[in-house]
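Single-structure report; data block below.
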Amino acid sequence: MSTTIAAIGTALSNSGISIIRISGKDSLNIVNKIFNSKAKLEPNHIIFGKIINNNEVLDNVLVSYFKAPHSYTGEDVCEINCHGGNEITKEILELVLENGAILAQPGEFSKRAFLNGKMDLSQAEAVINLINAKTRTESRIAAKNLEGDLSKKVRSLREELVELMAQIEVSVDYPEYDYEEIEPKAILSLLDRKIDEIDRIINTYEHGKYIKNGVNVAILGKPNVGKSSLLNNLANYEKAIVTDIPGTTRDIVEETINLGNIILNISDTAGIRDTDDIIEKIGVEKSLKILEEMDLVLYLINGEDGISKEDFEILSKIENKGLKYITVINKMDLTQKSILDTILKELKQSNLKEPVCISVEENKGIDNLKKEIIKMFDSNDLDYSNELIITNERHKDLLKKSVNYLKDAKTEIFNGQPIDIVSIYVKKATKTLGEIIGADVTEDIISKIFEKFCLGK
């Protein structure tokens, strides 16, 4: 990391301020070549001055200087706060590069912070989660993990397992010493506690993934039941084409909607029916296939027509797959009471869920539908202030892997294997936990994590 890197640290747009960030041993030297001020740049001070190029003033700026190791990256860092025009920001960056810096790769500042011990890997991942957060809950969880909540828990888990391994190794390697051998019963008790602790963290991922990635929702149903109209209503604009002609939607139309504290990734699908139209037929096949990727299905029924055999077949398929779903009866403004009563009776007899009744045309019942979705996925009941919640699939997978190793260790004890065999699996679990915080991780994984970052971070 002998090179000095630079990048624009703010969004490139016409705004009040832009920041050019420079990190590396030559940061101060590079800035002093292009910065003119009455005051000398000192660590942890912000100095007003001018950026000069060939005796021409480019901009009035504020420059801050952070001396290693007391900076974000752990290196010497300078930040130039200039006016936020696109051209002036790019021109100052080019001047910095001309004077010895190289353009930073995506996430390279945070990667250097990790490599210099300013943060661990889980904290670095929390940085990108905080930047990309779409809801308040997501940003709060990311902020807590940036503060080190997950790191502290993982370190605590590892310390106890390392202590267990040390006890095992002493008893195996130095039997001549009068050292009290750890009993299998005590090992099993410790392993059970650690498995339980890790499982509790893993179980938060179910909510955590919805907080981070949103809820994947498919609007499904026969043609002309109001699927596209419902999408438009939820999105508050005309996203999908709506006509009275069945089969208008021939491909999947997608939209992201913020519903309170939940992000909905909604897919409006082609109407499900037998058709000779090749293009529409492909759309129908896509509609059925997309079920595998969904967290929630909104199945629409046209209240005017009643419920058909095809409707029951699809609902049964959804039910058998164990998918979360809401049956929605639309066009209630046109539905006769006798038909509605029949639909409700037939759904109940088939042990299918009670539906939500709406009229997209008259904007009635939509709030009830939203409440039903919120009830299924809202995370307001999560106490993210006091509870550790994971939203990262990598963390979940590594935690599961570590639990499996600890279970393998238990199995070896039950099978009467020597205690040093048991320690092999405890060591594997410890190493796997270490991958979460970067204690045991390959360069390839590090690179993959940081390449997801934006430039300047």
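Rule-based calculations on the coordinates, nothing more; no lab input. Source: prediction; values computed, not measured. Reconstructed Cβ throughout: ideal geometry from the backbone, glycine too, with neighbour counts over all protein chains shown.
Side notes on the structure shown:
- Spherically averaged projected area of the stretch 353-457 from its Cα convex hull (nm²): 13.8
- Formal net charge of residues neighbouring GLY85 (Cβ-Cβ distance under 10 Å; K, R +1; D, E -1): -2
- Here the calculated FRET efficiency for ILE182 and ASP397, from their Cβ-Cβ distance with R0 = 30 Å, stands at 0.50, rounded to the nearest 0.05.
- Compactness index (Cα Rg / 2.2 N^0.38 Å), the chain: 1.30
- Beta bridges per DSSP with both ends in the chain, % antiparallel, nearest 5: 65
- Trypsin sites (Lys or Arg not before Pro) within the stretch 1-71, DSSP loop, no more than 12 other Cβ atoms inside 10 Å: LYS38, LYS40
- Averaging Cα coordinates gives a centre for the stretch 434-454 and one for the stretch 324-343; these two points are 51 Å apart.
- Solvent-free Debye calculation, one equal scatterer per alpha-carbon of the stretch 34-192: log10 I(q)/I(0) at 0.12, 0.15, 0.18 Å⁻¹ equals -0.76, -0.98, -1.17.
- Considering only Cα atoms, the convex hull volume of the stretch 5-109 works out to 88 Å³ per residue.
- Note on ASP408 and GLU98: the model spin-label points, each 7 Å out from Cα along the C-beta direction, lie 5.9 nm apart.
- Rounded to the nearest 500, the 222 nm mean residue ellipticity of the chain from helices alone is -15000 deg cm²/dmol, with -39,500 (n - 2.57) taken per DSSP H run of at least 4 residues.
- Cβ-derived FRET efficiency at R0 56 Å, GLU372 paired with HIS70, nearest 0.05: 0.60
- With the simple model of a label 7 Å out from the Cα in the direction of the Cβ, SER316 to VAL170 spans 6.5 nm.
- Partners of LYS364 within straight-line reach, counting lysines whose Cα lies under 17 Å from its Cα and excluding those fewer than 8 residues away in the same chain: LYS227, LYS331, LYS337.
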